[in-house]
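Novice: One structure, as structure tokens, below. Some questions next.
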Amino acid sequence: MDLLKNELKRQIPETQDDIKKLIQEKGNQKISDVNVAQAFSGMRGVKAFVCDTSSVSAEKGLIIRGKPLLDIINILPEEVFFLLLTGRLPNKNELKDLQSDFCQDFMVPEYVWDILKAMPQDSHPMTMFNTAILSMQGESVFRKRYDEGMPKNEYWEAILEDGIQLLAKLPSLGAGIYRMRFNKGEMILPDSNKDWAGNFVHMTGLSDQNGDFHKLMQLYFMLHCDHEGGNVSAFASHTVASALSDPYYAVSAGLNGLAGPLHGLANQECLKFVLNIRDEFNGLPTEKELSEYCWNRLNNGRVIPGYGHAVLRCPDPRFTAFINFGQKHIKNDDVFGIVDLLFDVVPGVLKEHGKAKNPWPNVDAASGSLLYYYGLKEFNFYTVLFSISRTMGMISQMVWERALGIPITRPKSITSDWIKSNIR
Ligand code: CMX
């Protein structure tokens, strides 16, 4: 961690000065107007705080520290974490240093497994994952150092230490929950010769003879890492961390939001939807049959999972990366074939339906079909994979928020009566 920490130590004072100057020069300028409809609709489109790790353009999708996602799909998850934090890719030594930190801390404490074993056998894997993270809160360096009177300018370092220790454990935790929850047999220990994604694949015990599943998981963990600051999980963790709750509390809070079907759980919903189509049509339907199937679902008041987005107005580049991976590596597979066909059919259906502002696929539309192909078939596990990756974004945002001394989050709510009497 020394090399990463040193780079941040170099950058933080410069950025602090830069932001101070920005506030001095432009502090009184307006960045957003909020109307009554926005106040009743999840604050959609309100620009109200800063997140520099990544941004989401309606027309281009995710941009990580100025790099459009599709330009960097070949980098490792460890590299994207370094990029989120520092704005540049690590050199060889920096990457090795970070990977060795991840290896040093990859063992999950035994009490966590005991807690998980005591949970009901049919617990949702996300409940197990979030409970496990929260149960490790006592390990927090930030909490210990805060209690000892740590000065404010060192908060970010303690957050980073917690973040790395937590991230190091997530592949072991995720794979352990997979084996425990789905009766796959004994736990498999991590291997210090493997990278972060490789260790996850190894510990699931799933077969990966040609290494393609490993490649998929590198891509998967890279693509889900961050999506600016206003999505439910990022904003929840940002708000909780702003109260100086440590990263274990704040990440767990964010991931509880990710567990919602309109957010990260959509990947589980999406594969369920695709498998239902396969079962209903005994394989690949025709375009006409698929279109009718989607209309039926919409007419029953249900959403098409994996389609639509609060910010994007184009096919999500994360979807594009997955569909490209599938087209390259997967041939003659009904489940992937249905995902491919949905991409031809659903945007037209949603446009005609006329409600969704964005008729295009989001990240969740394709990922499940790929995991399914490589033998990870338990789809209520999928959001755990999203969580492993998204923790990198939450931690990176937290490190910078504490480095810049961002205060506790406290927007002002208003009452409906206030609107009635104050807005003409
Ligand atoms: N299918 C059917 N209807 C949809 C739809 C979809 N895929 N996407 C949006 N709509 C509907 C909304 O439900 C809303 O209907 P009401 O007016 O009746 O409430 C209307 O279109 C307008 O919604 P919107 O402004 O376009 O979308 P929102 O910002 O409110 O919601 C999202 C965004 C993602 C929750 C929504 O598109 C959706 O429910 N998609 C399906 C679930 C999904 O794939 N979620 C994963 C998102 C990825 C992530 O986790 O970040």
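The values are calculated or read from the model by the stated rules, or taken from the named source; none is laboratory data. Not measured: the values here are computed from a predicted model. Backbone-built Cβ (ideal geometry, glycine too); neighbour counts: all protein chains shown. Accessible surface is based on the protein model in full, side chains and every heavy atom, while ligands, DNA and RNA are left aside. Shrake-Rupley method; radii C 1.70, N 1.55, O 1.52, S 1.80 Å.
Novice: Need the list of lysines near Lys152 for cross-linking: C-alpha distance under 16 angstrom, and skip anything on the same chain fewer than eight residues off.
Specialist: The qualifying lysines are Lys9, Lys144.
Novice: Ranked highest first by the average count of other Cβ atoms within 10 Å around their residues, in what order do 263-276, 14-27, 387-400 fall?
Specialist: Top of the packing list down: 387-400, 263-276, 14-27.
Novice: Still on this structure, please answer the following. At most 14 other Cβ atoms within 10 Å and a DSSP loop assignment: could you name the GluC sites (Glu not before Pro) in region 116-163 that fit?
Specialist: Glu148
Novice: Rounded to two decimals, what is the ratio between the C-alpha radius of gyration of the chain and 2.2 N^0.38 Å?
Specialist: Ratio of Rg to 2.2 N^0.38 Å for the chain: 1.00.
Novice: Could you state the accessible area per residue of region 34-81 in Å², with a 1.4 Å probe and every protein chain left in place?
Specialist: Counting only protein heavy atoms, the per-residue value for region 34-81 is 56 Å².
Novice: Multiply the residue separation of Ala118 and Arg424 by 0.36 nm, subtract the distance between their alpha-carbon atoms, and state the gained length in nm to one decimal.
Specialist: Roughly 104.4 nm would be gained on extension.
Novice: Between Asn28 and Glu280, what length in nm is gained on full extension when 0.36 nm per residue of separation is reduced by their alpha carbon distance?
Specialist: 84.9 nm
Novice: If you roll a 1.4 Å probe over the heavy atoms of the protein chains, what accessible area per residue do you get for region 266-373, in Å²?
Specialist: Averaged over the residues of region 266-373, the accessible area is 44 Å².
Novice: What's the tally of Lys pairs in region 266-373 whose alpha-carbon atoms lie under 24 angstrom apart, where the two lysines are 8 or more places apart or on different chains?
Specialist: 10
Novice: Sticking with this structure for a sec: Given charges of +1 on the Cβ of Lys and Arg and -1 on the Cβ of Asp and Glu, with all other atoms neutral, how large is the dipole of region 266-373 about its Cα centre, in debye to the nearest 20?
Specialist: Using only the charged Cβ atoms, the result is roughly 380 debye.
Novice: Looking at the chain as a GNM with Cα springs under 10 Å, which of Met126, Met180, Met222 has the largest mean-square fluctuation?
Specialist: Highest fluctuation among the options: Met180.
Novice: Please give the charge dipole size of the chain, origin at the Cα centre, charges +1 on K and R Cβ atoms and -1 on D and E Cβ atoms. Round to the nearest 20 debye.
Specialist: It comes to approximately 1240 debye.
Novice: Whenever you get a sec, compute what percent of the accessible area on the chain sits on carbon and sulfur atoms (1.4 Å probe).
Specialist: Reported share for carbon and sulfur atoms: 50 percent.
Novice: Please work out how much accessible surface Arg297 shows to a 1.4 Å probe, ignoring ligands, DNA and RNA, in Å² rounded to 10.
Specialist: 40 Å²
Novice: Could you work out the Rg to Rh ratio of region 238-388, with Rh taken as the Kirkwood radius (inverse of the mean 1/r over all Cα pairs)?
Specialist: Rg/Rh: 1.01.
Novice: When only Cα pairs under 8 Å and 6 or more residues apart are kept, what is the percent relative contact order across the chain?
Specialist: Dividing the mean separation by the residue count of the chain yields 23 percent.
Novice: Also, quick follow-up: Work out the FRET efficiency for Ser207 and Thr127 from their Cβ-Cβ distance, taking R0 = 25 Å, and round it to the nearest 0.05.
Specialist: 0.35
Novice: Multiplying the sequence separation of Lys355 and Met43 by 0.36 nm and subtracting their Cα-Cα distance, what value in nm do you get?
Specialist: Gain in length upon complete extension: 110.5 nm.
Novice: Under a plain spin-label model, where a point goes 7 Å from the Cα along Cα-to-Cβ, how far apart in nm are Met107 and Cys314?
Specialist: 4.8 nm
Novice: What FRET efficiency comes out for Lys21 versus Phe182 if R0 is 41 angstrom and r is the Cβ-Cβ distance? Round to the nearest 0.05.
Specialist: Calculated value: 0.15.
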